[in-house]
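Asker: I am attaching a structure below and will ask some questions about it afterwards.
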């Protein structure tokens with residue numbers, strides 16, 4: 001049984017119509033931090049939600065032509081906070097890239113979940129700022 005995209009986004013508290021749920025699964029991830037050789041591994045079972053972020057651009061932001069082609073994906077994996085803290089949650093977002101055929105500039109899809117060149121979710125950033 002596959003979950004509905006809207007129900008998963010509602011459960012995670014995300015309001016972005018450009019995010020499309022591709023898959024979700026559990027994986028064991030080492031959450032240990034630091035570079036010390038004596039550091040004990042902290043392997044935990046984590047939930048991973050995999051999304052595709054569509055780009056809604058119609059014209060080039062630089063030269064305003066309509067000759068845009070898909071130019072691959074950039075993958076971002078970020079930790080995400082939820083109300084249910086039984087397992088750490090990771091979002092793996094495949095951001096669609098477009099390229100203008102005239103000026104050859106590339107553009108990446110943007111979302112309100114994660115900033116353009118950032119690997120920290122906005123919800124996690126807000127909680128960190130509130131804790132200070």
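Read-outs: derived from the displayed coordinates by stated rules, not from any lab. The structure presented is a predicted model; accordingly, all values stated were derived computationally and were not measured. Don't worry about glycine lacking a Cβ; one is built from the backbone with ideal geometry, like all the others, and counts go over all protein chains shown.
Asker: Hey, how much of the P(r) for the range 39-132 falls beyond 14 Å, as a percent of Cα pairs?
Answerer: 70 percent
Asker: A further question follows. Take the alpha carbon gyration tensor of the range 50-96, find the square roots of its eigenvalues, order them as a ≥ b ≥ c, and report rounded if a/c is under 1.5; if not, report prolate when a/b exceeds b/c, else oblate.
Answerer: Because a/c hits 1.5 or more and a/b exceeds b/c, the range 50-96 counts as prolate.
Asker: Taking the beta-carbon count within 10 Å as an exposure proxy, list 58, 29, 43, 93 from fewest neighbours to most.
Answerer: Least to most surrounded, the residues fall as 58, 43, 29, 93.
Asker: How would 130, 70, 22 line up from fewest to most surrounding beta-carbon atoms within 10 angstrom?
Answerer: Arranged by neighbour count, lowest to highest, 130, 70, 22 become 130, 70, 22.
Asker: If we count other beta carbons within 10 Å of each Cβ, what is the order of 106, 75, fewest first?
Answerer: Final ranking by Cβ density, sparse to dense: 75, 106.
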